[in-house]
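Notes to accompany the following structure.
Where a number appears in this text, it was derived from the coordinates with a stated rule and is not lab data. Everything numeric here is computed off the predicted structure, so don't read it as measured data. Please note: Cβ atoms are built from the backbone with ideal geometry, for glycine as well, and neighbour counts cover all protein chains shown.
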Amino acid sequence: MAFQPYHIHHIQLAETNCLTIPKHESAYLLLWWNQVPLGHIWYEAGEPLPNAPRIIEAVSSALDHYCRQRKLSTDWRSMLQQGQLSALSLFLEDLFKRNSVAKHETLSVVVCTRNRAAQLANCIRQILACTDKDFELIIVDNAPDDEATRMVVSQFPQVRYVLEPRKGLDIARNTGAQAASGEIIAYTDDDVLVPENWISQLRQAFHHPQIMAVTGLVIPYALKTKAQYIFERNWGFNKGYLPVLFDRAYFLAKLPYGVPVWDIGAGANMAFRKAAFQLAGYFDERLDVGASGCSGDSEMWYRILAEGWSCYYDPALYVFHEHRDTMESLSKQLFSYMRGQVSSLLVQHERYGHEGNLKRVYKYIPQYYLKRIWKLLTLQVRENPWLFWQEIRGAYSGWRFFQANKGRRQSDPMLLPEQLGKPAEVKSDTLVSVIIPCYNQGSYLQAAIESVLKQTYQHVEVIVVDDGSTDNTAAVCAGFPQVTYVHLPNAGVSVTRNIGVAYSKGDYVVFLDADDLLYENAIELNLYFFTYYRDAVMVCGGYTPIDEQGIDIGGHVCNTKSGHFFEDLLMGNFIGLQSVAMYRRELFFTFAYDTQLKGSEDYDIHLRITQHYPAYQHDRLIARYRKHGQSASANTALMYETVQKVYAKLMPSLSAAQLSLVEQGKYFWKQYYQYDEAAG
């Protein structure tokens with residue numbers, strides 16, 4: 001039987017009484033309230049028109065979600081069932097009323113294209129027609145065969161053209177990210193059309209500082225061919241009509257089984273904070289079309305989650321996509337999908353060592369295909385055997401690709417912030433953010449907070465990042481209404497420090513360990529030295545060791561150094577204590593705490609910072625360092641091993657003279673931690 005096209009109808013929920021579809025026509029019905037998609041119905045030719053119960057079933061998940069979100073209990077079902085569409089319209093208007101305005105962050109849109117000039121022209125026109133005009137548009141011309149794309153872009157003087165001669169989508173995406181100036185970088189494809197509210201919805205979607213990536217609904221532009229129908233019905237980019245926050249809790253729950261990050265969205269409609277590329281790295285160029293196949297987008301989402309951040313799917317951020325229209329192109333697409341999925345799972349394991357990725361490759365994917373084979377053989381399902389075979393071939397091909405390319409990780413560029421080339425500024429009301437990571441240190445936390453609130457310098461904000469504590473940490477913070485409290489499932493001190501920066505608003509940042517204390521003039525002193533050494537990006541002072549009761553036990557630890565002291569730092573951590581340092585906030589997130597280190601995180605970031613910028617150390621006392629058996633530094637074997645990892649990361653960038661200093665440093669640390677290699 002010949003395939004009959006499906007006609008796409010966009011229907012406002014308050015106008016469903018006017019629904020008309022010719023009897024001979026099959027249809028895909030999109031149900032909306034204004035510009036908010038609520039659900040869809042597949043309508044087959046000859047069926048009765050969708051009645052109220054069927055429409056209610058299609059939109060109930062979305063409307064119930066929004067009602068719970070707004071704490072509204074109106075019986076919208078009765079309104080729809082009884083045809084009270086005027087009342088329903090008033091209710092929906094109230095339900096979707098916006099109460100907040102998104103923070104206005106700078107935004108860049110990147111479109112990567114190759115040899116599709118006609119489609120690109122339509123794509124550009126649609127983007128430029130958005131009502132929010134405050135963005136830059138960058139077209140990355142990826143290894144073109146001719147000048148057609150350049151000529152199209154030249155018709156739009158406000159659009160930037162960037163040539164990327166190396167073929168590969170993720171290569172082009174990385175080129176776009178490096179060229180973009182926006183704090184948010186959005187990606188769409190040349191076969192996508194965006195609505196007029198797309199830019200404003202992008203801004204709205206980044207409503208939380210922990211959100212590093214956003215995706216949205218992708219709606220088919222047409223379902224004229226069997227290939228387009230099969231893709232939308234069985235694969236598709238439609239991830240539903242409910243907003244979903246993919247956070248640390250989601251990641252940890254799925255981790256044992258291999259996190260299905262492909263559920264987060266589609267590369268045709270995605271955006272990132274620019275900081276995400278600094279925190280998690282750029283797209284892995286092994287996962288390109290022509291290489292592993294695809295999945296560069298989902299592997300990037302995996303890294304964002306693994307680093308402790310969140311991704312957000314917002315169906316109100318929608319676009320229209322032109323699906324591939326032939327069975328041949330669909331079969332190639334499915335082959336690439338499975339090739340990319342398997343290779344990305346193995347790349348994720350290579351990067352993080354998460355065993356769930358291997359379980360999915362070697363257990364769950366084979367089980368999935370064996371079940372489908374059984375259903376095919378027993379005639380329980382009908383599906384195209386050629387497309388099914390292409391999926392299996394793709395999965396095996398992805399495994400083979402990774403075996404041939406494992407270990408070939410790219411070296412991402414470091415883009416140093418322009419602001420750090422300018423002298424430091426300290427004004428009378430300059431805000432300083434003090435970030436206190438806390439994991440089961442509630443017994444010390446109150447004293448730490450009070451040491452900040454008693455500072456002689458008053459323009460200070462306090463942010464406590466609770467790293468999944470099971471003690472009284474939350475209760476302690478509740479006693480300080482002026483403190484910003486952030487709770488995370490346990491992720492480690494590097495993640496908590498990084499996330500603390502995302503919440504901070506100050507020009508300068510201090511990381512105070514929850515069991516340490518600041519001297520009353522600590523912030524005032526460090527700010528003063530920034531006014532004196534204005535080229536420094538980091539200032540630090542001395543500290544006093546104390547015992548569990550806060551009694552001095554070991555005199556004072558003070559040094560004085562200025563300028564580029566990277567090479568001195570290679571020979572040992574003379575800074576000694578994280579809590580004595582103050583940073584210019586612009587350092588983050590070009591420099592971020594390494595989440596894969598289980599110790600020596602501060603030594604690592606100080607080495608990387610001072611390798612590029614001057615710093616200053618003075619001999620005034622800044623902090624009191626509490627020594628007790630629960631502190632991380634008490635595990636000397638772990639600390640020694642992580643120092644070796646810190647050195648190993650630096651090795652490729654060091655000169656021969658600097659490598660000799662590392663050997664001196666290794667000897668210093670071995671003596672300092674009294675490390676016995678034979679025992680270790």
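Using r as the Cβ-Cβ distance of ASP132 and GLU641, and R0 as 51 Å, what FRET efficiency do you calculate, to the nearest 0.05? Efficiency, rounded to the nearest 0.05: 0.50. Candidate cross-link partners of LYS645 among the lysines, defined by an alpha-carbon separation under 21 Å and a same-chain spacing of 8 or more, comprise LYS406, LYS598, LYS666, LYS670. Taking 0.36 nm per residue of separation and subtracting the Cα-Cα distance, full extension of the segment from MET327 to ARG534 would add 68.2 nm. Note the angle between two axes, namely the Cα long axis of helix 365-377 and the longest principal axis of the Cα atoms of the chain, as a number of degrees from 0 to 90, rounded to the nearest 10. It is inclined by approximately 10 degrees.
In terms of its Cα atoms, the range 581-625 spans 32, 24, 17 Å along the principal axes, sorted from long to short. Dipole of the chain (Lys/Arg Cβ +1, Asp/Glu Cβ -1, origin at the Cα centre): which of HIS207, PRO260, ALA249 lies farthest to the positive side? The residue sitting most towards the positive pole is PRO260.
Summarising the strand pairing of the range 107-326, around 30 percent of its internal DSSP beta bridges are antiparallel.
Extension gain for ASN472-ILE553 works out to 26.4 nm (0.36 nm per residue, less the C-alpha to C-alpha distance). The fewest-to-most ranking of PHE272, PHE480, PHE96 by surrounding Cβ atoms within 10 Å reads PHE96, PHE480, PHE272. Label separation (GLN671 vs HIS564): 2.8 nm, computed from points 7 Å beyond Cα along the C-beta direction.
The smallest convex shape that holds all Cα atoms of the range 57-181, its convex hull, gives 174 Å³ per residue.
From its DSSP helices (H runs of at least four residues, each -39,500 (n - 2.57)), the chain gives a residue-normalised ellipticity at 222 nm of -11500 deg cm²/dmol.
What percentage of all Cα-Cα pairs in the range 445-529 are separated by more than 19 Å? Roughly 37 percent, rounded to a whole number.
Calculated on C-alpha atoms, the gyration radius of the chain divided by its Kirkwood radius gives an Rg/Rh of 1.01. The range 439-500 and the range 377-413 have Cα centres spaced 46 Å apart. Please state the shape class of the range 497-561: rounded when a/c is under 1.5, otherwise prolate if a/b exceeds b/c and oblate if not, all from the C-alpha gyration tensor. Taking the square roots of the gyration eigenvalues as a ≥ b ≥ c, the range 497-561 is oblate.
A crude spin-label estimate for the pair ARG585 and GLU57, with each label 7 Å from Cα along the Cβ direction, gives 5.2 nm. How many angstrom lie between the C-alpha centres of the range 221-263 and the range 27-85? For the range 221-263 versus the range 27-85, the Cα centre distance is 21 Å. Across every direction, the projection of the convex hull enclosing the Cα atoms of the range 249-336 has a mean area of 7.0 nm².
Using Cα centres only, tell me the gap between the range 132-148 and the range 296-340 in whole Å. If we compute the Cα centre of each part, the gap is 21 Å. Here each label is just a point 7 Å from Cα along the line to Cβ, and for LEU431 and LYS167 those points are 5.0 nm apart. Under the classification rounded if a/c is under 1.5, otherwise prolate if a/b is larger than b/c and oblate if not, where does the range 6-95 fall, given a ≥ b ≥ c as square roots of the Cα gyration tensor eigenvalues? In terms of gyration-tensor shape, prolate.
Counted by neighbouring Cβ atoms within 10 Å, the residues SER331, SER428 run from fewest to most as SER428, SER331. In summary, the lysines within cross-link reach of LYS71, defined as a Cα separation below 26 angstrom excluding same-chain residues under 8 places away, comprise LYS97, LYS103, LYS239. Ranked by how many other Cβ atoms sit within 10 Å of their own Cβ, fewest first, the residues TRP301, TRP399, TRP386 fall in the order TRP386, TRP399, TRP301. Based on the Kirkwood radius over alpha-carbon pairs, what is the Stokes-Einstein translational diffusion coefficient of the range 107-326 at 4 °C with 1.567 mPa s viscosity, in µm²/s? This corresponds to a translational diffusion coefficient of 74 µm²/s.
Here r is the Cβ-Cβ distance between GLN410 and ASN34 and R0 is 51 Å; the resulting FRET efficiency, rounded to 0.05, is 0.70. Note on the range 429-629: antiparallel DSSP beta bridges, both residues inside, total approximately 35 percent of the bridges counted.
Computed extension length for MET151-HIS7: 48.4 nm, one decimal, from 0.36 nm per residue of separation with the Cα-Cα distance subtracted.
Residues whose amide H falls under 5 Å from that of SER26, counting only those 5 or more places apart or on a different chain, are HIS7, ALA45, with hydrogens built in the peptide plane. Share of antiparallel DSSP beta bridges in the chain, in percent to the nearest 5? Of the beta bridges lying entirely in the chain, close to 35 percent run antiparallel.
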